[in-house]
Amino acid sequence: MTSTPPLQGITVVSLEQAVAAPFATRQLADLGARVIKIERPGGGDFARGYDEAVYGNSSYFVWLNRSKESLTLDLKSEEGREILGELLGQADVLVQNLGPGAAGRLGLDPATLARTHPRVIPCSVSGWGTDGPWADRKAYDLLVQCETGLLSITGTWDEMAKVGISVADIAAGMYAYSGILTALLRRATTGEVSAVEVSLFEALAEWMGAPAYYTRHGGRQPARVGAQHATIAPYGPYETADGTILLAVQNDREWRSLCDVVLDEPETATDARFATNSARVAHREELNELVRAKLLPLETKRAAELLDAAGVANASINQVEDFLNHPVLEGRDRWRPVQVPGGQIEALRPPADLAGVEPVMGPVPALGEHTASILRELGRSEDVISDLRDRDLV
C-alpha cells in the first residue's frame, strides 16, 4: 500500500532561476510539496532557453522542474507584489535565488518576512553569501569551481578541466533542500521558524574538505592526474587488449590480492616501493607500468573476471548512452514516465527510496501554465485575469 507523500500539504513559493534553487524545490515536489514557481512574463526561468534537446525544451529545465506549477508574475508591479503577498499568506516556505539585493528590495529578506509572514520559512540561495565582502558579486557554477580551487585539482598534468556537471549548483541545491526539511521539522516540533541560507561557494567549499586538509597539513595540494585518483594508487583506467577498464584498490589487503591473483606476483606486494599507499602514490609511474603490462594483453572481459576474483573493484568507462541503458537502472526499475510540453520522457526516480512511498513525478510545466488557475484560487475573476494578461503583468 502506498502512503501519502510526506510533504503533502506543504506549499512552497519559489522565485528561482537556473539550477540551485530549482533543484532544491524539485526534490520537495518529489516528496509531495506543492511548488508554485514564479516566472517572469514573456521569458520565464532563463534555464528554459539553455537548449532545445527535449521536445523543444531545455534538458536542464526538464530535469529540474517536474511536478511544479508555473505562475507568471511581474513582481515590479503593484499587482504582482500583491498576488505574491497573498500566496505567501498560504505558504510554508519561500525559496529565492534572486540577484544580489533583489530580495530586500521586494521585502522578501528574512527580517522583513518575519514581520509580514512570520510562519513562512525563507530560504535564500546566493553565490557568495548574502553578507560579507562578496555579497554583491554575481556567481555562476564555473566561477565557484575556480574560486574553491576545484579546477586546480581537476584535469591532467598539462591542463585544468571543469567538472562536467553543475557541481556547485547541485551542492547548493542539496543543502538548501536538507536545510528546508530541517527547518520544517523544527517548526513542527518547536513552533520556531528558522531562515535557511546557502551559498554556492560555501556548499562547494564543504565538498573540498579532503583536498583542503591534504593541502593544509600535507604541505602540497593533490596533483592533477586525469582519471586517476590523486592520493590513492593504483586507482584509475588501464588499457586492455580491446578497450579500457578502471580499477580501484582501496587498502593494502586489496593490493596484496591484486598482486597475487591479477599480477601473479605476490612478492610485489611487499616491495618497498609499493607496500603502502603513500609509497604507491610516490612511485605511481612505476606502479602503472607494472599493472599496465599485465592488463594490456588481456581482453576487458577477462581482466574484469580476474579483478572480481581478487575482490578488486572495477568498472567500465561508459559513455552517457551506456549509462542510460545501464542494467542496474533497468533491473531496479528506476525509470518513470514524465510528461513534458510536447511529449513524454523517462525520468529517474529520486535516489532516496522511502518504504511505502512512491515519489510524485508530475509533468514539467509550460511557461505560465497554471497562472489562471492559481489566480482563480486567489479570488481573481476572469475579467481581472484577462486585464492582467493584457498589461503583461502575468
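The values are calculated or read from the model by the stated rules, or taken from the named source; none is laboratory data. No experiment lies behind these values; they were computed from the predicted model shown. Backbone-built Cβ (ideal geometry, glycine too); neighbour counts: all protein chains shown.
Quick one: count up the residues across region 199-241 that are assigned to a loop (DSSP other than H, G, I, E, B) and closer than 19 Å to Ala282 by Cβ.
Applying the first criterion (assigned to a loop (DSSP other than H, G, I, E, B)) to region 199-241 yields 208, 219-234, 240-241.
Remaining after also requiring closer than 19 Å to Ala282 by Cβ: 219-226, 228-234.
Within region 199-241, residues that are assigned to a loop (DSSP other than H, G, I, E, B) and closer than 19 Å to Ala282 by Cβ number 15.
Pick from region 37-62 the residues that are of a type in the set (D, E, K, R) and under 18 Å from the mean Cα position of the chain (by Cα): which of them is surrounded by the fewest Cβ atoms within 10 Å (Cβ to Cβ)?
We begin by selecting, within region 37-62, every residue of a type in the set (D, E, K, R); these are 37, 39-40, 45, 48, 51-52.
Okay, now just the ones that are also under 18 Å from the mean Cα position of the chain (by Cα), so 45, 48.
Details: Asp45: 25, Arg48: 20.
Filtering region 37-62 for residues that are of a type in the set (D, E, K, R) and under 18 Å from the mean Cα position of the chain (by Cα), the one surrounded by the fewest Cβ atoms within 10 Å (Cβ to Cβ) comes out as Arg48.
With region 297-351 as the region, which strands (runs of 3 or more DSSP E) entirely inside it contain at least 1 residues that are at pLDDT 95 or above and under 24 Å from Val364 (Cβ atoms)?
On the way: elements: 313-316, 335-340, 343-348.
In region 297-351, 335-340, 343-348 are the strands (runs of 3 or more DSSP E) which contain 1 or more residues that are at pLDDT 95 or above and under 24 Å from Val364 (Cβ atoms).
Return yes or no: is Ala33 small (Gly, Ala, Ser), crowded, with 23+ Cβ neighbours inside 10 Å and under 25 Å from the mean Cα position of the chain (by Cα)?
Numbers: small (Gly, Ala, Ser): yes; crowded, with 23+ Cβ neighbours inside 10 Å: yes; under 25 Å from the mean Cα position of the chain (by Cα): yes.
It is true that Ala33 is small (Gly, Ala, Ser), crowded, with 23+ Cβ neighbours inside 10 Å and under 25 Å from the mean Cα position of the chain (by Cα).
Return the pairs, sorted by first residue and then second, in which the second residue is among the polar types (S, T, N, Q) and crowded, with 20+ Cβ neighbours inside 10 Å, the first residue lies in region 361-377 and is in the same structural domain as Asn65 (by TED's automatic domain parsing) and part of a helix (DSSP H, G or I), the beta carbons are less than 7 Å apart, and the residues are 6+ apart or on different chains.
Between residues of region 361-377 that are in the same structural domain as Asn65 (by TED's automatic domain parsing) and part of a helix (DSSP H, G or I) and residues that are among the polar types (S, T, N, Q) and crowded, with 20+ Cβ neighbours inside 10 Å, the close pairs are Thr371/Thr72.
Please verify whether Leu307 is buried (at least 16 other Cβ atoms within 10 Å of the Cβ), over 28 Å from Gln221 (Cα atoms), among the aliphatic types (A, V, I, L, M) and in contact (Cβ under 8 Å) with a residue 60 or more places away in the chain, treating the condition exactly as stated. Explain how you work it out, then say what you get.
On the way: buried (at least 16 other Cβ atoms within 10 Å of the Cβ): yes; over 28 Å from Gln221 (Cα atoms): yes; among the aliphatic types (A, V, I, L, M): yes; in contact (Cβ under 8 Å) with a residue 60 or more places away in the chain: yes.
Taking the combined requirement at face value, the residue satisfies it.
Of the conditions (1) surrounded by fewer than 14 Cβ atoms within 10 Å (Cβ to Cβ); (2) free of Cβ contacts under 8 Å to residues at least 40 places away in the same chain; (3) in contact with a strand residue (DSSP E or B) (Cβ under 9 Å, 6 or more places away or on another chain), Gly342 satisfies every one except a single condition; which number is it?
So Gly342 meets the others, but not (2).
Tell me, which residue of region 111-152 that is in contact (Cβ under 8 Å) with a residue 40 or more places away in the chain and among the charged types (D, E, K, R) is surrounded by the most Cβ atoms within 10 Å (Cβ to Cβ)?
Asp141
Give me the residue from region 153-172 that is of a type in the set (A, V, I, L, M, F, W, C) and either not assigned by TED's automatic domain parsing to the domain that holds Trp63 or not in a helix (DSSP H, G or I) (or both) and, out of that set, surrounded by the most Cβ atoms within 10 Å (Cβ to Cβ). Please lay out each step first, then the result.
Step one: filter region 153-172 for residues of a type in the set (A, V, I, L, M, F, W, C), giving 153, 157, 160-161, 163, 165, 167-168, 170-172.
Cutting the leftovers down to either not assigned by TED's automatic domain parsing to the domain that holds Trp63 or not in a helix (DSSP H, G or I) (or both) gives us 157, 160-161, 163, 165.
Details: Trp157: 8, Met160: 14, Ala161: 12, Val163: 16, Ile165: 10.
Of everything passing the filter in region 153-172, Val163 is surrounded by the most Cβ atoms within 10 Å (Cβ to Cβ).
So, of the residues in region 96-110 that are assigned to a loop (DSSP other than H, G, I, E, B) and of a type in the set (A, V, I, L, M), which turns out to be surrounded by the most Cβ atoms within 10 Å (Cβ to Cβ)? Steps first, please.
Keep residues of region 96-110 that are assigned to a loop (DSSP other than H, G, I, E, B), which gives 97-101, 106-109.
Filter once more, keeping what is of a type in the set (A, V, I, L, M): 98, 106, 108.
Working: Leu98: 19, Leu106: 17, Leu108: 24.
Applying the filter and picking the extreme gives Leu108.
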